[in-house]
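Asks: Sending over a structure as structure tokens; questions will come in a sec.
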Amino acid sequence: MRCSATPQGSVVVDLAAPTGGNVALTRKGETYRHKELGVTFIGVSNLAATMPAQASELYTANIRALLDHLGGADKFDAQVKERTDPIAKGTTVTFGGAVVYEPPAPPPAAAPKPAPAAHAATIRAAPEPAAEPLLSPGASFAVQLLEGDVTPDI
């Protein structure tokens, strides 16, 4: 990979880092930002093993941010009780022993498309399709042969 063509702010994850890497600037077992290029290189040896912990940390951070937005420990009840904040309103199911969740309104049904105007000169009724046989000619012959309707010429 030509690293000089990589845009600033890019992140290169080299999954082949444990065996030498596919990118010349990858450092085995390291994550670093190249100062001149402005590119971050990830050369972690066992990247998959680091993901569950990171995913858990990100989820925890999201839940904490939600609870902080809802007022934290001090103002949580007031924020939820007022129900003026759309996030508080959409995430609160019960409050004070009562169900307060209001499901969103269903999307409006699509209006039926109007039928095109009929022009007698240009629109003709399609002919009825011919009835297709239920059996292929070979299968039909086999059934007739089994029923005794046809005798083969031998």
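Read-outs throughout are calculated quantities, based only on the coordinates presented, and are distinct from any laboratory measurement. Model, not experiment: these values are computed from the prediction. Don't worry about glycine lacking a Cβ; one is built from the backbone with ideal geometry, like all the others, and counts go over all protein chains shown.
Asks: Enumerate the calculated ³J(HN,Hα) couplings along segment 9-16 in order (Karplus 6.51 cos²θ - 1.76 cosθ + 1.60, θ = phi - 60°), each rounded to whole Hz, writing x wherever the residue is Gly or Pro.
Replies: x, 6, 10, 10, 9, 9, 6, 8
Asks: Phe76 to Cys3: FRET efficiency via 1/(1 + (r/R0)^6), r the Cβ-Cβ distance, R0 35 Å, to the nearest 0.05?
Replies: On the way: r = 49 Å, r/R0 = 1.40.
The formula returns an efficiency of 0.10 here.
Asks: What's the magnitude of the charge dipole for segment 48-87 around its Cα centre, counting Lys and Arg as +1 and Asp and Glu as -1 at the beta-carbon? Answer in Debye, nearest 20. All intermediate terms of the calculation are to be shown ahead of the outcome.
Replies: On the way: 4 positive and 6 negative charges, 14 e Å.
Result for segment 48-87 is approximately 60 debye, rounded to the nearest 20.
Asks: Could you give me the ³J(HN,Hα) list for segment 97-110, computed from phi with Karplus coefficients 6.51, -1.76, 1.60 and θ = phi - 60°, whole Hz, x at Gly and Pro?
Replies: x, 10, 7, 10, 6, 10, x, x, 5, x, x, x, 5, 5
Asks: Given H placed 1.01 Å from N in the peptide plane, which residues other than close sequence neighbours of Phe95 have an amide H under 5 Å from its amide H?
Replies: The answer is Val100.
Asks: When a/c is below 1.5 the answer is rounded, else prolate if a/b is larger than b/c, else oblate, so apply that to segment 1-60 with a ≥ b ≥ c taken from the square roots of the Cα gyration tensor eigenvalues.
Replies: Working: a/c = 2.77, a/b = 1.48, b/c = 1.88.
Because a/c hits 1.5 or more and a/b fails to exceed b/c, segment 1-60 counts as oblate.
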